[in-house]
1. Among the residues of the stretch 91-139 satisfying the criterion of being in contact (Cβ under 8 Å) with a residue 24 or more places away in the chain and charged (D, E, K, R), which is least open to solvent (accessible area, probe 1.4 Å)?
2. Residue pairs, Cβ under 6 Å, 6 or more apart or interchain, first in the stretch 52-76 and closer than 14 Å to Gly34 by Cα, second of a type in the set (S, T, N, Q) and part of a helix (DSSP H, G or I). List them.
3. Pick out the one residue from Thr63, Thr134 that is under 23 Å from Arg20 (Cβ atoms) and among the polar types (S, T, N, Q).
4. Output the number of the condition that Arg81 fails; it satisfies all remaining conditions of (1) in contact (Cβ under 8 Å) with a residue 40 or more places away in the chain; (2) part of a helix (DSSP H, G or I).
5. Which of the following residues is in contact with an Asp or Glu (Cβ under 8 Å, 6 or more places away or on another chain), surrounded by 15 or more Cβ atoms within 10 Å (Cβ to Cβ) and part of a helix (DSSP H, G or I): Pro88, Pro71?
6. Could you look through the stretch 1-40, keep only residues that are hydrophobic (A, V, I, L, M, F, W, C) and at pLDDT below 85, and pick out the one that is most open to solvent (accessible area, probe 1.4 Å)?
7. How about the stretch 74-85: which of its residues are open to solvent by less than 30 Å² (accessible area, probe 1.4 Å) and of a type in the set (S, T, N, Q)?
8. If you go through the stretch 41-62, how many residues are open to solvent by less than 80 Å² (accessible area, probe 1.4 Å), assigned to a helix (DSSP H, G or I) and in contact with a helix residue (DSSP H, G or I) (Cβ under 7 Å, 6 or more places away or on another chain)?
Amino acid sequence: MSSEQTPTTTPDTAGPRPRRLTYAAGLAALEGLGLLAGGVWMLVRGITGQPDDRQQAVTGGLTLVVLALLPLLAARGLLGRRSWSRGPAVVTQLLALPVAYNLLQSDSVAIPAGIVLAVVAVTALVLLLNPETTRALGIRGPGNAEK
């Protein structure tokens, strides 16, 4: 292939990374670390504590640890300006919204956690769907593909 067909940088992704993209990556990483911490906590409590159902606690903990990989990988991709990373980051935020809603419906100390999660998810969505972020990731809309 010639160098004309495989450019090393495009005008959309040249230059410094926009702050919006960095902030979105930070929020995705924060969510991933939160999921990881929650998963490890559930695993430790399931193994060392007296859960109602040890198998359910361990399974839940492992599930959270595996789910933490999605936003962590998305955050790394966003920092590296990989266009594929926006999809998993948006999916993570969309999944966080019903979780935040359920936390807000509780009658406990989970309400502040629901508020924080909702604010983080909505903020991250705004940052991820911003046109500046889209351009920085080299994402083109339908019908705008390079020929």
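The values are calculated or read from the model by the stated rules, or taken from the named source; none is laboratory data. Since the model is a prediction, treat every value here as computed from it, not as a measurement. Quick reminder, even Gly has a Cβ in these numbers, built from the backbone with ideal geometry, and neighbours come from all protein chains shown. All accessible areas refer to the heavy atoms of the entire protein, side chains included, with ligands and DNA or RNA removed. Shrake-Rupley method; radii C 1.70, N 1.55, O 1.52, S 1.80 Å.
1. Residue satisfying both the conditions and the ranking: Glu132.
2. As it stands, the answer is Leu70/Thr92; Pro71/Thr92, since those pairs meet every condition given.
3. Values: Thr63 fails: under 23 Å from Arg20 (Cβ atoms).
The conditions single out Thr134.
4. (2)
5. Pro71
6. Met1
7. Result: Ser85, single match.
8. 7
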